[in-house]
């Protein structure tokens, strides 16, 4: 038969759309034509496929070969189509029966020797194949990662000849080795942080409701230490969340090991990072730090040192949980449901009361942070210098394990009540799940108007109060919960003090 059809998958954002590789061999002068909107890396597969087939002992047809990658309007990039193109030529030239390809999809780049090299984005490919009801043949290293996807039939191959023998039912493909288990990573413990009981309390609230957190204080007070200990008190990822996070890491060319499969990501980009590094981009859109922090934590240290335009690109993802990237020829959407944790010194000299900077200089420094950006951070606290004698005391601090128990109990209440963390509640859901008594609602609204806060801040204070009540296992939000939530607006109080 001179026509063969092989199924493969492209890479488009976080999706893996189906690509039908059609190979037709006809009479005419020897030629190898590749159509279907292939990019340069795909066009170069003609030479890789020819050499791989010849060096593997297959006959390469001296006729006109036409390869169509359908759909024609979907851009194709990378070397992932080498393996299906080679198999299509083998079938179309009569060296393999077409029925042997039924029920399979193939992705893999070919070396000139016929070896199969790794591709990028094996997790989305495995998920798409599972949903389509087909088995997938991947390079061995990709198959190791893809086998973590539940209920999918994954096969790993290292050479074109192995795939040929497998399709002929002569011998099975090699068994996929289990992923090597790294030594279990021990997360930093809250017990290492001396004092700062107020900051630890707010860290617990942030973990319970997935609230954004900003820590304000002089250098050396433990802001970074506290942020690094947040993953240790947060609930583990669910299977669905872990799979979504692994898919993003997969298309970014990164790997997640079984030992950290359910551990929440913690990303800490340097303050010289660009806007594209944070939100993603490129001619072929790739996920940025906010998407790599999906279902995890994005920690921005030395916050005012980030360019203002870089921070402002975070405003929309903080609200919507997704980021849309548009380029001239490509558009992509990546999930970005992350928890922002930021730290900053209140002055360019380290402290606004050290006498080394005027109020105008401090204001100029803090004005690098736009009002709308700060408005999206629910918890703003001051982390002060430790009192004299605290460092030399040998007191037993509360461990992350005991704090995590309270956080898990609060999160279970939220999942049972509304199916999501408090920080993810919409405006209508706040009315349903966070009702206030009439007197408390009037008190909160009067406070918002008195301090000229936004309606967004009004709703965020209610959500923080809901998390405080959940930590105390209380069904009703009380005035005390609201007042505690209102107290966590340290940066706004500092700005009001500097203006006065």
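The values are calculated or read from the model by the stated rules, or taken from the named source; none is laboratory data. Nothing here was measured: the structure is a model prediction, and the numbers come from that model. Don't worry about glycine lacking a Cβ; one is built from the backbone with ideal geometry, like all the others, and counts go over all protein chains shown.
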Scanning segment 228-241 for residues that are in contact (Cβ under 8 Å) with a residue 60 or more places away in the chain and in a helix (DSSP H, G or I) gives 228, 231, 232, 233, 239
Segment 400-500: helices (runs of 4 or more DSSP H) wholly inside it with 3 or more residues that are touching a residue at least 60 places away in the same chain (Cβ under 8 Å) and more than 30 Å from the chain's Cα centre (by Cα) are 490-499
Within segment 111-170, the count of residues that are on the phi < 0 side of the Ramachandran plot and part of a loop (DSSP other than H, G, I, E, B) comes to 16
- For segment 306-318, state whether one or more residues are in contact with a strand residue (DSSP E or B) (Cβ under 7 Å, 6 or more places away or on another chain), assigned to a helix (DSSP H, G or I), modelled with pLDDT of 90 or more and farther than 20 Å from residue 425 by Cα. no
Flagged in segment 139-164 as over 22 Å from the mean Cα position of the chain (by Cα) and more than 14 Å from residue 104 (Cβ to Cβ), in numbering order, are 139, 140, 151, 158, 159, 160, 161
Residue 225: passes all of (1) out of contact with any strand residue (DSSP E or B) (no Cβ under 6 Å at 6 or more places or on another chain); (2) within 30 Å of residue 85 (Cβ to Cβ); (3) surrounded by 15 or more Cβ atoms within 10 Å (Cβ to Cβ); (4) free of Cβ contacts under 8 Å to residues at least 60 places away in the same chain but (2)
Given (1) touching a strand residue (DSSP E or B) at 6+ places or on another chain (Cβ under 8 Å); (2) surrounded by 16 or more Cβ atoms within 10 Å (Cβ to Cβ); (3) at pLDDT 90 or above, residue 271 misses just (2)
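Yes/no per residue for (1) at positive phi; (2) out of contact with any strand residue (DSSP E or B) (no Cβ under 8 Å at 6 or more places or on another chain):
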residue: 26; (1), (2): no, no
residue: 32; (1), (2): no, no
residue: 53; (1), (2): no, yes
residue: 62; (1), (2): no, yes
residue: 68; (1), (2): no, no
residue: 78; (1), (2): yes, no
residue: 83; (1), (2): no, no
residue: 93; (1), (2): no, no
Here the residues within segment 77-95 that are buried (at least 24 other Cβ atoms within 10 Å of the Cβ) and under 17 Å from residue 36 (Cα atoms) are 80, 81, 82, 83, 84, 85, 86, 88, 89
*Is it true that some residue in segment 183-191 is closer than 30 Å to residue 424 by Cβ, exposed (fewer than 14 other Cβ atoms within 10 Å of the Cβ), in contact (Cβ under 8 Å) with a residue 60 or more places away in the chain and out of contact with any strand residue (DSSP E or B) (no Cβ under 7 Å at 6 or more places or on another chain)?*
yes
Note to self: Taking the criterion of being touching a strand residue (DSSP E or B) at 6+ places or on another chain (Cβ under 8 Å), at pLDDT 95 or above, assigned by TED's automatic domain parsing to the domain that holds residue 336 and under 19 Å from residue 475 (Cα atoms), would at least one residue in segment 442-463 satisfy it?
What the structure shows: no
Screening 94, 88, 78 for residues that are within 22 Å of residue 18 (Cα to Cα) and modelled with pLDDT under 95 leaves only 78
